[in-house]
Amino acid sequence: MHCTDTVADTICRTVELGVTITGAAADSEDRTHIWCSVIGPDPRCPECRIPGQLRDHAERVLTDTPAAGHPVELHVAVPRFVCLTAGCPRSIFRADITGIASPRSVVTTRTERWIL
Ligand SMILES: [Zn+2]
């Protein structure tokens, strides 16, 4: 059972990453799971730099720094866009969330710093 202060602390620390929390739950292994979406994602295509059209979201699971001793797993809904520019080699791309986690990393950027 988490106390209210722990939940509030976890929410505050997650919002700092630039996301909106859409759900939260604790599992039987004492982990806190937080579902969130990216605030103001950059819709520009990495190839032609012209904004694309939102297609759907892909969930990315990231381990965040523990809150009050409880491991935290973030489920980030990363927007996927379709590039509509004629002649652009890129047809689909994900929003850049390098402020939250490095490409292909399974932990948040601040967790990388915390481990070091
Ligand atoms: Zn493009």
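Of the solvent-accessible surface of the chain, computed with a 1.4 Å probe and all protein chains present, 55% belongs to carbon and sulfur. For region 4-115, the dipole from Cβ point charges (+1 on Lys and Arg, -1 on Asp and Glu) about the Cα centre works out to 640 debye, to the nearest 20. Could you tell me how many degrees, from 0 to 90 and to the nearest 10, lie between the Cα long axis of helix 4-15 and the main elongation axis, the longest principal axis, of the Cα atoms of the chain? Here the helix axis deviates by roughly 20 degrees. Counting only DSSP beta bridges whose two residues both lie in region 4-115, roughly 75 percent are antiparallel.
Here the label points at residue 30 and residue 82, each 7 Å from Cα along the C-beta direction, are separated by 4.7 nm in the simple model.
Taking all protein chains into account, the per residue accessible area for region 4-115 stands at 57 Å² (1.4 Å probe). Using every pair of separate Cα atoms, the Kirkwood estimate puts the hydrodynamic radius of the chain at 15.2 angstrom. Taking label positions 7 Å along the Cα-Cβ direction at both residue 37 and residue 114, the computed distance is 2.6 nm, reported to one decimal.
Projecting label points 7 angstrom from Cα along Cα→Cβ for residue 98 and residue 63 puts them 2.4 nm apart.
Peptide packing for 56-68, 82-94 was compared via the average number of neighbouring C-beta atoms within 10 Å per residue; ordered from the highest value, the list is 56-68, 82-94.
The values are calculated or read from the model by the stated rules, or taken from the named source; none is laboratory data. Keep in mind that what you see is a predicted model, and the values were worked out from it rather than measured. Heads up, the Cβs are rebuilt from the backbone with ideal geometry, glycines too, and the neighbour counts pull from every protein chain shown. What goes into the accessible areas is simple: the full protein's heavy atoms, side chains included, and nothing from ligands, DNA or RNA. Shrake-Rupley method; radii C 1.70, N 1.55, O 1.52, S 1.80 Å.
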